[in-house]
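Reading through the structure tokens given below for one structure.
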Amino acid sequence: MNSINADLHCHSLISDGTLSPEEVAHRAHANGVQIWSLTDHDILEGQARAQRAAIDLGMTYIPGVEISVSWCDQTIHIVGLGIDADHVGILEGLRRTREGRGNRAQLMAEQLAKVGISGAYEGALHFAGNHQLISRTHFARFLVEQGVCKDTEHVFKNYLVEDKPGYVPHMWATLDDAVAWIKAAGGVAVIAHPGRYSRLNAMQMDELYKHFKDIGGVAIEVITGSHSPDQYQTYTKVAQQYGFLASRGSDFHDPHESHIDLGNLPQLPDHLTPVWSVFH
Ligand code: AMP
Ligand code: MN
Ligand code: MN
Ligand code: MN
């Protein structure tokens, strides 16, 4: 079961990816993915299309989402897998989570204007496949297009992050709400790329795992495009220590930007139980 090529985290242009749900499905299939989930940020609009394309290609489809959450004044991401994409509770929760993005984007653009980068709001909007989901990724693409940065990685070191121009703190969903929406919609909650939360200290991470578990969270991402090989080991140990199922996903956004392509990741270690065992 651990050797199945599962990719349970990626994005389409319904959020901040650049390919349509159908194009992502075809690319996943061409790369050998057998179990696939499209997990756009804070929105379920692409789910029906992704599911149809996956079934046509003979892949197992798991409806998914990646929810933006505020925890200890930091942003973390919670993936929901196996949700009912028509469930009213999660649809309403995600609608509220998305709501502040337009205003945040205006404030980000105002900050960038102060350091001499004008037209960022319109510029970012131009890259957004879905205006409800205007995100830092779209600003990053605009800054690359303008020649301010050579690539998006450079952007996320020098702009749009804490203490840098274009950073606007934002209140996303609470952890309890996000997990409750996922559970109410029949899904399982997964902590996305725990290795990315470098601003949370060890005590806060411990509290996150324990609280997440207490409220019914079941898995963490171990093998993800956001982790280094060292981190694969670190989070293998975390999964064992806290009794989490393990997930695997590329976090693919774009053929040129993403260093890890769909399905192109190491297998989950044999002694971990994959989150996809829940769906079989
Ligand atoms: P937002 O939800 O608007 O805050 O945007 C978050 C998105 O920005 C993430 O989903 C990633 O796609 C992208 N992002 C954040 N940090 C980085 C990073 N260090 N490198 C590349 N992309 C990043
Ligand atoms: Mn993203
Ligand atoms: Mn994420
Ligand atoms: Mn993601």
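The values are calculated or read from the model by the stated rules, or taken from the named source; none is laboratory data. All values derive from a computational prediction rather than experimental measurement. Because the Cβ atoms are built from the backbone with ideal geometry, glycine has one as well, and the counts that use them run over all protein chains shown.
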*Are any residues in the range 187-205 over 16 Å from Thr39 (Cβ atoms) and either buried (at least 19 other Cβ atoms within 10 Å of the Cβ) or of a type in the set (Gly, Ala, Ser) (or both), and if so, which ones?*
Gly195, Tyr197, Ser198, Ala202
*Among the residues of the range 1-50, count how many are part of a helix (DSSP H, G or I), buried (at least 24 other Cβ atoms within 10 Å of the Cβ) and in contact (Cβ under 8 Å) with a residue 40 or more places away in the chain.*
2
*If you go through the range 145-158 one residue at a time, how many are out of contact with any helix residue (DSSP H, G or I) (no Cβ under 6 Å at 6 or more places or on another chain) and surrounded by 18 or more Cβ atoms within 10 Å (Cβ to Cβ)?*
1
*Looking only at the range 164-186, which residues are part of a helix (DSSP H, G or I) and either of a type in the set (Gly, Ala, Ser) or surrounded by fewer than 20 Cβ atoms within 10 Å (Cβ to Cβ) (or both)?*
Asp176, Asp177, Ala178, Ala180, Lys183, Ala184
_Among the residues in the range 241-255, are any in contact (Cβ under 8 Å) with a residue 40 or more places away in the chain, within 16 Å of ligand 2 (Cβ to nearest atom) and surrounded by fewer than 19 Cβ atoms within 10 Å (Cβ to Cβ)?_
yes
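Anything in the range 187-197 that is of a type in the set (Gly, Ala, Ser), part of a loop (DSSP other than H, G, I, E, B) and either within 15 Å of ligand 4 (Cβ to nearest atom) or at pLDDT below 95 (or both)? List them, or say none.
If the condition is that a residue be of a type in the set (Gly, Ala, Ser), part of a loop (DSSP other than H, G, I, E, B) and either within 15 Å of ligand 4 (Cβ to nearest atom) or at pLDDT below 95 (or both), then Ala192 is the only one that fits.
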*With respect to the numbered conditions (1) within 19 Å of the chain's Cα centre (by Cα); (2) away from ligand 2 (no atom under 16 Å from the Cβ); (3) not aromatic (Phe, Trp, Tyr), which one is the sole condition not fulfilled by His87?*
(1)
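Test Gly80 against the criterion of being surrounded by 23 or more Cβ atoms within 10 Å (Cβ to Cβ) and in contact with a Ser or Thr (Cβ under 7 Å, 6 or more places away or on another chain), and give yes or no.
no
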*If you go through the range 126-144, how many residues are assigned to a helix (DSSP H, G or I), crowded, with 17+ Cβ neighbours inside 10 Å and out of contact with any strand residue (DSSP E or B) (no Cβ under 8 Å at 6 or more places or on another chain)?*
10
*Run Ser70 past the list (1) part of a strand (DSSP E or B); (2) within 16 Å of ligand 2 (Cβ to nearest atom); (3) not acidic (Asp, Glu) and report the number of the one that doesn't hold.*
(2)
